[in-house]
1. In the neighborhood of residue 51, defined by Cβ-to-Cβ distances under 11 Å, what is the net charge if each Lys or Arg adds +1 and each Asp or Glu adds -1?
2. Could you sort the peptides 209-220, 232-243 by per-residue average Cβ neighbour count (10 Å cutoff), highest mean leading?
3. How large is ³J(HN,Hα) for each residue in the stretch 64-74, as worked out from phi by the Karplus curve 6.51 cos²θ - 1.76 cosθ + 1.60 (θ = phi - 60°), to whole Hz, x for Gly and Pro?
4. I'd like the Karplus ³J(HN,Hα) series for the stretch 198-208: coefficients 6.51, -1.76, 1.60, θ = phi - 60°, whole numbers in Hz, and an x wherever there's a Gly or Pro.
5. Suppose the Debye formula is applied to equal point scatterers at every Cα of the stretch 166-253; what is log10 I(q)/I(0) at q = 0.16, 0.24, 0.26 Å⁻¹?
6. For a label point 7 Å from the Cα of residue 289 along Cα→C-beta, name the residues of the stretch 138-170 whose backbone N is under 17 Å from it.
7. At a 10 angstrom cut-off on C-beta neighbours, averaged per residue, how do the peptides 84-90, 221-227, 50-56, 14-20 rank from highest to lowest?
8. Using 28 Å as the Cα-Cα cut-off, could you pick out the over-long pairs in 20/145; 21/214; 158/178; 155/214?
Amino acid sequence: MWLLLAFCSAFCLGFYDVFKKISLKENAILPVLALNTLFSASIFLPFLYFSVITDSIEKESLFYVASLSVENHAYVLLKSVIVLSSWIFGYMGMKHLPITIVGPINATRPIFTLLGALFIFGEQLNLYQWIGICLGMLSIYLLSKVGKREGVNFKHNKWVICLFVAAVLGAISGLYDKFLMQFIPPMAVQAWYTQYQCLLMGSVILFIWYPQRKKTTPFHWSYAIPFISLFVSIADFAYFYALSMEDALIAVVSMIRRGSVLVSFAIGAFFLKEQNVRQKFWDLLLILIGMLFLYFGSK
């Protein structure tokens, strides 16, 4: 069951990236992200109200939001800070880079998750996992060669650096999620962390973006913005419930979620008409082969 949920999450993440790319075109980053957090928080607010305030949702229900202790709220708040930081860097990279470059870089996140498991938790990696990591690193190197043709220098491009920072923070978030799922119900994590994200981004908008709004890229409404929230909410819902299952493997779930690149890459190639798609496809294929090695090595 957790594998099916992971694939569902990956499919939704692919469309999440596409609508994010569309929303950010010639648009201000922070307001788009703020609206994303606002809509995401709005999706889960009714579940919070009917669970915590009126107690009208049965505790056995999939949509019941359990009450949390002050300590657990602190854990969820930390989760919000990690994810929001990753999103800010990821949005900056997504805005300024082709999605056919962003997708493959994001697909390497399981590599950072495994490295985190190696250095933080002292896990031992097997031969298949090391092969997967090496193939992922090789694919990034080859992708950097293709990127140069589009004026994207991986060594000196700040937007590429933003993507890698987002990837590392995303990997940290994945490891932290597995920790949280051991003692906090998944619906409680998602419902509360979306509220905290909304409050945090509200502060960013009020104190950072709004005073400087006339000096930066102007904001305009895009029909794609609500779809960012919709697809990321569904993706995270499936993801958290997958992780909450006892036999779920974080490395495998993380790898499957990165299969979202197939959706975003295909749309970038056929509908957004991005450049050098054929060369990037072979780099993407190498990444996917590496992910298969990670999958079989983690079973």
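1. Overall, the nearby charge balance is -1.
2. 232-243, 209-220
3. For the stretch 64-74, the Karplus-derived couplings read 6, 9, 6, 5, 10, 6, 4, 4, 5, 4, 5 Hz, x marking Gly and Pro.
4. With the stated coefficients, the stretch 198-208 comes to 4, 5, 5, 5, x, 5, 4, 5, 5, 9, 10 Hz.
5. Those come out to -0.81, -1.27, -1.35, one per q.
6. Residues 138-144 fall inside that zone.
7. 14-20, 84-90, 221-227, 50-56
8. The answer is 158/178; 155/214.
The values are calculated or read from the model by the stated rules, or taken from the named source; none is laboratory data. Here the structure is a predicted model, which is why all the values come from computation and not from measurement. A quick note on method: Cβ atoms are made from the backbone with ideal geometry, for glycine too, and the neighbour counts reach across all protein chains shown. Remember, those area values only see protein heavy atoms, side chains included, never the ligands or the DNA or RNA. Shrake-Rupley method; radii C 1.70, N 1.55, O 1.52, S 1.80 Å.
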